[in-house]
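The values are calculated or read from the model by the stated rules, or taken from the named source; none is laboratory data. No experiment lies behind these values; they were computed from the predicted model shown. For neighbour counting, all protein chains shown are included, and Cβ atoms are generated from backbone atoms with ideal geometry for every residue, glycine included. These area figures cover heavy atoms from the full protein model, side chains too; ligands, DNA and RNA do not enter into them. Shrake-Rupley method; radii C 1.70, N 1.55, O 1.52, S 1.80 Å.
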Amino acid sequence: MFRTISFGLLLLATCLLMPGFAAKTKPYFPKKVNAIIQDKCYGCHSAEGKSQKAKDKLMWDDLEKMEKGAQLEKIQAIQKVLEKGSMPPEKFLEKMPEKKLTEKETAIMKKWANKTAKKLAKQ
């Protein structure tokens, strides 16, 4: 009887605690990727950004706090944006053309996003 109660309590504790451990994973940002994010993306997609619309779409700092499913959705959205070449927006680039991603930067970001999405999908 004691064993049954102990097992039940252990099972209950595991069910309550495991989702917090298993549901989140910290995304890996290699140096080159992080440098691009800091230089070209972070100005709008961070707490310091002025555009609420940009913040609502993506907050780089919040990515690691999300559950895996939400992270995967954000990474897939990043992949789509990279494929379309729609970031930064044209209107923004009129004022700050130096923020446009180069072909090399785009390739680096695409490779990172694809690798990260595959890793998240497997977990």
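Numbers at a glance
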read-out	value
Residues of segment 67-96 satisfying the condition of being under 13 Å from Cys41 (Cα atoms) and either assigned to a helix (DSSP H, G or I) or among the aromatic types (Phe, Trp, Tyr) (or both)	Ile78, Val81, Leu82, Phe92, Leu93
Within segment 23-44, tally of residues that are touching a strand residue (DSSP E or B) at 6+ places or on another chain (Cβ under 9 Å) and open to solvent by 40 Å² or more (accessible area, probe 1.4 Å)	1
Segment 108-122 residues that are among the aromatic types (Phe, Trp, Tyr), paired with ones that are assigned to a helix (DSSP H, G or I) and open to solvent by less than 100 Å² (accessible area, probe 1.4 Å) (beta carbon under 6 Å, 6 or more apart)	Trp112/Val33
Identity of the residue in segment 79-98, of a type outside the set (Lys, Arg) and open to solvent by 70 Å² or more (accessible area, probe 1.4 Å), that ends up farthest from Ala117 (Cα to Cα)	Glu94
From the options Lys26, Lys50, residue that is of a type in the set (Lys, Arg) and without any contact (Cβ under 8 Å) to a residue 24 or more places away in the chain	Lys50
Boolean, Leu101 is surrounded by 15 or more Cβ atoms within 10 Å (Cβ to Cβ), in contact (Cβ under 8 Å) with a residue 24 or more places away in the chain and not in a helix (DSSP H, G or I)	yes
Scope segment 97-107; condition touching a helix residue (DSSP H, G or I) at 6+ places or on another chain (Cβ under 8 Å) and closer than 20 Å to Ser46 by Cβ; matching residues	Lys99, Lys100, Leu101, Glu105
Single match in Ala47, Ala107, Ala113, Ala70 (criterion: small (Gly, Ala, Ser) and open to solvent by 60 Å² or more (accessible area, probe 1.4 Å))	Ala47
